[in-house]
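Coordinate-derived values only; no laboratory data. The shown structure was predicted, so the numbers you read here are calculated from the model rather than taken from an experiment.
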Amino acid sequence: MQGDAGSGLAWATGHLQYLLLVIAMLPARLTQVRIGVAAAAAMGILASGLFSFQPAALFWNVLLLLVNAVLLLQFARSNAAVRFSADEEPMLDALLSGLPRTRARHFLDQGFWLTGRAGEALIRQGEPVTHLFYLASGDACVTSGGKQVGRLGVGDLIGEVTVLSGDTASATVTLETAARMWCAPAQSLRLYLDAHHDVRHAVELSFAAALRHKLQEMNRAVAQAGGLG
């Protein structure tokens, strides 16, 4: 009876190992894949070492678990060592939510910080967007057809609607005050995101969230002004 029970457990854990390996291949992020593979290796160790002794299978499962554990530890240590400035820390939530800190650091290094002057136009309606901007401080006015349609402030993105598509801007954004900004050239940004799909996914989600927020603010402003009429 014990032998039958052990064989049954070995069969179940063996199949569970393969199921975990299949699931491990689904996530887009390498860290999640490694966690899944490590979990599958742990199931393999149970199947080949505890329920049904198979030395060769046990050896390879232990090796697989150790390799992934070491890689995950190295990732955790390198991630913890990454540093961001006081201006950059808020960008992790605004633009790079969900990305490992090492990947976020690499992305931010594709751009640079600058100070803008009041009255400076960052993007112009009808012209291609040449840079993506993130406002760390300051305020900006959004106009379309010469009429103000919105305002932007700390934590807002500028140019995210068309910076990846290459389309022309649908509005003009002008600084109302001096501003501290991170910016990245549109062309190099597109090339970078084409080569780093995990970063592109995070950035596109942030762009969509930023656009929803701006539309909500515009609708609120219209409602407070008594409607479009």
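Figures for the structure shown
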| item | result |
| --- | --- |
| Extension gain from residue 66 to residue 82, taking 0.36 nm per residue of separation minus the Cα-Cα distance | 3.3 nm |
| Pairs of alpha carbons in segment 89-224 whose separation is greater than 27 Å (percent) | 15 percent |
